[in-house]
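To start, the structure itself, in structure tokens.
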Amino acid sequence: MASLLRHGSPSSIVMKQCRSAKLSGNTNGVPILKAIRLAAKEHGIPMYVLGRDEIEAAFRIFQARTKQEIACAVVGIFPELLARLPPKRKKWQTEARGMIVFDAIATGIAYWQRSPPRK
């Protein structure tokens, strides 16, 4: 993680809140989140963790409520991702591996939308 932060030199780190962190009420208790938070702190990089409610709120303007609807809204913003959009899943199916890309982009969009414009 430290190597990635050194070479990428991000201005901030934005993550979606882990389900287990939400259940425990303690984002510091999740090992991967804890490791990332520690590395970010060592490099002086601010870290933001967005909850599902914040991401959903950011996509209300697109009338997107479900993960699939949010992924479709992301494709509306970035049409080049259409070929990577996983098909709508049935209730008994597990989530498609490719959905993680849309989760990450949606989290970034939600962060960008809530952040004040920079000069």
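Just so you know, all these numbers are worked out from the coordinates, no wet-lab data involved. Keep in mind the model is a prediction, meaning the values are calculated, not measured. Here the Cβ positions follow ideal geometry from the backbone for every residue, glycine too, while neighbour counts run over all protein chains shown.
What is the calculated FRET efficiency for residue 45 to residue 113, with r their C-beta to C-beta distance and R₀ = 22 Å, to the nearest 0.05?
With a Förster radius of 22 Å, E is 0.60.
Rounded to the nearest 500, what is the chain's calculated 222 nm mean residue ellipticity when only DSSP H runs of at least 4 contribute -39500 (n - 2.57) each, over all residues?
That comes out to -14500 deg cm²/dmol.
Quick one: compute the contact order of the chain, relative version, from alpha carbon pairs under 8 angstrom and 6+ residues apart, as a percent. Each step should come with its number before you reach the end.
On the way: 100 pairs, mean separation 31.3, N = 119.
Once divided by the residue count of the chain, the mean separation gives 26 percent.
Give me the aspartates and glutamates in straight-line cross-link reach of residue 90: C-alpha distance below 15 Å, same-chain residues under 8 apart excluded.
Here the aspartates and glutamates satisfying the reach criterion relative to residue 90 are 69.
Can you pull out the chymotrypsin sites (Phe, Trp or Tyr not before Pro) in the stretch 61-119 that DSSP calls coil and that have at most 15 other Cβ atoms within 10 Å?
For chymotrypsin sites (Phe, Trp or Tyr not before Pro) across the stretch 61-119 that sit outside H, G, I, E and B with at most 15 neighbouring Cβ atoms in 10 Å, the list reads 92.
Tell me which DSSP H helices of the chain clear both cut-offs, 24 Å or more of axial length from alpha-carbon atoms and a mean Kyte-Doolittle hydropathy of at least 1.0.
none
In the stretch 53-114, if the dipole is taken from +1 on Lys/Arg beta carbons and -1 on Asp/Glu beta carbons about the Cα centre, which of 75, 61, 110 is farthest to the positive end?
Among 75, 61, 110, the one farthest towards the positive end of the dipole of the stretch 53-114 is 75.
As an exercise, take the mean of 1/r over every pair of distinct alpha carbons in the chain, invert it, and state the Kirkwood radius in angstroms.
15.8 Å
In what sequence, highest mean first, do 48-56, 75-83 appear when ranked by Cβ atoms within 10 angstrom? Could you put the intermediate results ahead of the total?
Details: 48-56: 16.7, 75-83: 11.2.
Highest-to-lowest ranking by the protection proxy: 48-56, 75-83.
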